[in-house]
Amino acid sequence: MPKKRSFFSFDFDEDQNLKHHMVGQMKLPTSPFDGADWSMKQAAPQSDWEAEAEARIRQSDIVIVLVGPNTHRAPGVLKEVAIARRLPKPMCPNS
């Protein structure tokens, strides 16, 4: 079975470490997760960011939203979730 292309949506300023741990977990042979990380690797200028995020979400099989203490205030996460809903892409947690 091919790996799922996973787009991680997360608060870039607060939850990068959590995202790195999740991606590392996917790479372990004993992991219950299987996938490839298609999320944004670095902050991008606003003019390029939305188009790049949409392209990556469009190519992903699932969008995984990492929820931290301030995720509900992260404008990038809110936009990524809106893009995923519009396309529509399955999301975890389901929203």
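Bear in mind these aren't lab numbers, they're just calculated from the coordinates by the rules spelled out. These figures come from a predicted structure and were not determined experimentally. Backbone-built Cβ (ideal geometry, glycine too); neighbour counts: all protein chains shown.
List of remarks:
- Extension gain (nm, one decimal) between Glu52 and Lys4, 0.36 nm per residue minus Cα-Cα: 15.4 nm
- Extension gain, Val67 to Gln25: 0.36 nm times the residue separation minus the Cα-Cα distance gives 13.4 nm.
- Simple spin-label estimate for Gln59 and Phe12 in nanometres, 7 Å along Cα-Cβ: 1.8
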